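Take a look at the structure set out below.
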Amino acid sequence: MLNDRDIKEENDQLLVPRWRMLIEQRAKTDAMRLGMTPLSVEYISSLDEIQIKRASDCSSPLFYLSQPSDVIAKLLTAGVESDIAPFDDLDRLVQNENYVVLLNRWASVKTSVVHAQCTFGLSAAVVRALQGATINDIKSASQKGIRLVSLAPRSKYFFHAGRNIRLQRSMRTALAVCSSSRAFF
Amino acid sequence: MAGQNKTIAELSVWAADPEKMYRFEAVALLSQRTSFVKSLLCLTDNDDLIRTQIQRICKKNEVPCKIPRGTGFDALYLKSLGPEIRYAASILLNTLLASDDGGLATTVIGGINHQSLVDRMIYSYRRYLRLFLLPVVDAPVSFELFFNLYKAYESGNIEISMCANCESTFTNFRVAQSIKCPVCQTHRHAEMPRTHLPSYSQGNEIEPAVRRRVAM
């Protein structure tokens, strides 16, 4: 089972490069390639480094596998023949995000299915696919030129979690859980 | 003597299934109400046997055992539940059901796999306790109340609202609607006007970059 520190590390590892690309204007015009809405681009790029680190400091994952379950299952069994080399920085970022997120979910599924379902929001089909996958399958699935990952919380999470210094980590986690776009409602 | 032998025999049947025993132990540490444990785990054993087993588990884990008596666990008065409970309920229900298929495997006939649901409830509740560093006895929402809130959600007595200020989805009760978001109330979020980004005053001023954008 991944503990809270692993989740925090994943958030930090993925959110900060995205933010850096946005503020350096490298991805602002191509934000749709990262699956971001104009509003989330606006809120994230308005934060400074301390604030973005504060927003990523929570025990709930800020990224989720956004592709349908059967797509992920097919990618995991597709083999290395269909791998695509990255075209630019943004592609490299997407591949890295795919790899980190898939690897962490894979590790989680190997130890506790309930944890993987409740914390990472994996469906039963994805759990089954990840249980049968090897590390090479994970590596290969992340290099198919498809973005598998999206931001889990809605855009205003970043505004409140980043700027409100009164929020403790537990509160930021609660906010991330409640404002998750993959919630049941 | 014959009665004692009967109890031991029944206990050994119980202990034969490690998965069932693990689930029983987890529930017994979260709630010691015999009728609740029986109802949640669909047990048909007699009350004395369940009570003895709960007491043993509590003793083993060095948890004070207080078997509750009186009002049944399924009494739920939605009007009496304040923002603190709604806040906790939002976190718990969001954790329990936040996946594509609710994480619930279905049985052959298409119904919900009950054991999967119980496992997820136990996990969600433990995660909630760990998040706020709460002991079971001090939690504003007990495990029994969590179960009742889930049943209320299933039966449509709990409605779902989204806050325009923080975009959280929170639980609202059909019989006692509140327009205030419990997450905003608890976290004291700054209110966001629709026209521009607001500031967190007292040391949290709007950054120059944002101020420029707002001015434009």
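Would you check if residue A:74 is open to solvent by 40 Å² or more (accessible area, probe 1.4 Å), assigned to a helix (DSSP H, G or I) and without any contact (Cβ under 8 Å) to a residue 24 or more places away in the chain?
In short, yes.
Regarding residue A:180, is this residue of a type outside the set (Phe, Trp, Tyr), open to solvent by 20 Å² or more (accessible area, probe 1.4 Å) and at pLDDT below 90?
No; evaluated as a whole, the condition is false for this residue.
Does residue A:156 qualify as being away from every other protein chain (no Cβ under 13 Å) and either modelled with pLDDT of 90 or more or more than 15 Å from the chain's Cα centre (by Cα) (or both)?
The answer is no for residue A:156.
Would you be able to tell me the number of residues in region A:61-74 that are in contact with an Asp or Glu (Cβ under 9 Å, 6 or more places away or on another chain) and at pLDDT 90 or above?
Here the count works out to 3.
For a quick check of your reading of the model, give me the residue pairs whose first member lies in region A:121-141 and is within 9 Å of another protein chain (Cβ to nearest Cβ), whose second is open to solvent by less than 40 Å² (accessible area, probe 1.4 Å) and charged (D, E, K, R), with beta-carbon atoms closer than 8 Å and at least 6 apart or on different chains.
If the second residue must be open to solvent by less than 40 Å² (accessible area, probe 1.4 Å) and charged (D, E, K, R), the pairs left are A:121/A:182; A:122/A:105; A:126/A:105.
Run down A:166, A:172, A:128 and say which single residue is open to solvent by 10 Å² or more (accessible area, probe 1.4 Å) and more than 23 Å from residue B:97 (Cα to Cα).
The unique qualifying residue is A:166.
If I filter region B:131-148 down to residues being under 16 Å from residue A:174 (Cβ atoms) and in a helix (DSSP H, G or I), which single residue comes out as nearest to the chain's Cα centre (by Cα)?
B:146
For region B:49-72, how many residues are among the charged types (D, E, K, R) and touching a residue at least 24 places away in the same chain (Cβ under 8 Å)?
Within region B:49-72, residues that are among the charged types (D, E, K, R) and touching a residue at least 24 places away in the same chain (Cβ under 8 Å) number 1.
Quick check on my filter: what residues within region B:157-180 are in contact (Cβ under 8 Å) with a residue 12 or more places away in the chain, in a strand (DSSP E or B) and facing another protein chain (nearest Cβ under 8 Å)?
Within region B:157-180, B:160, B:169, B:170 qualify.
Please tell me if residue B:60 is open to solvent by 100 Å² or more (accessible area, probe 1.4 Å) and at pLDDT below 80.
no
Looking only at region A:159-171, decide whether some residue is within 18 Å of residue A:63 (Cα to Cα) and away from chain B (no Cβ under 13 Å).
Within region A:159-171, not a single residue is within 18 Å of residue A:63 (Cα to Cα) and away from chain B (no Cβ under 13 Å).
Among A:133, A:116, A:124, which is the only one that is small (Gly, Ala, Ser) and either at pLDDT 90 or above or over 23 Å from residue B:93 (Cβ atoms) (or both)?
Numbers: A:116 fails: either at pLDDT 90 or above or over 23 Å from residue B:93 (Cβ atoms) (or both); A:124 fails: either at pLDDT 90 or above or over 23 Å from residue B:93 (Cβ atoms) (or both).
Selected residue: A:133, the only one of A:133, A:116, A:124 that is small (Gly, Ala, Ser) and either at pLDDT 90 or above or over 23 Å from residue B:93 (Cβ atoms) (or both).
Results for (1) assigned to a helix (DSSP H, G or I); (2) of a type in the set (A, V, I, L, M, F, W, C); (3) crowded, with 21+ Cβ neighbours inside 10 Å; (4) over 15 Å from the mean Cα position of the chain (by Cα), shown as yes or no for each residue.
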| position | (1), (2), (3), (4) |
| --- | --- |
| A:58 | no, yes, yes, no |
| A:81 | yes, no, no, yes |
| A:93 | yes, yes, yes, no |
| A:98 | yes, no, yes, no |
| A:106 | yes, yes, no, no |
| A:114 | yes, yes, no, yes |
| A:118 | yes, yes, yes, yes |
| A:122 | no, yes, yes, no |
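The values are calculated or read from the model by the stated rules, or taken from the named source; none is laboratory data. The structure displayed is predicted, hence computed values, not measured ones. Quick reminder, even Gly has a Cβ in these numbers, built from the backbone with ideal geometry, and neighbours come from all protein chains shown. When the accessible area is computed, the model is the full protein with side chains, heavy atoms only, and any ligands, DNA or RNA have been set aside. Shrake-Rupley method; radii C 1.70, N 1.55, O 1.52, S 1.80 Å.
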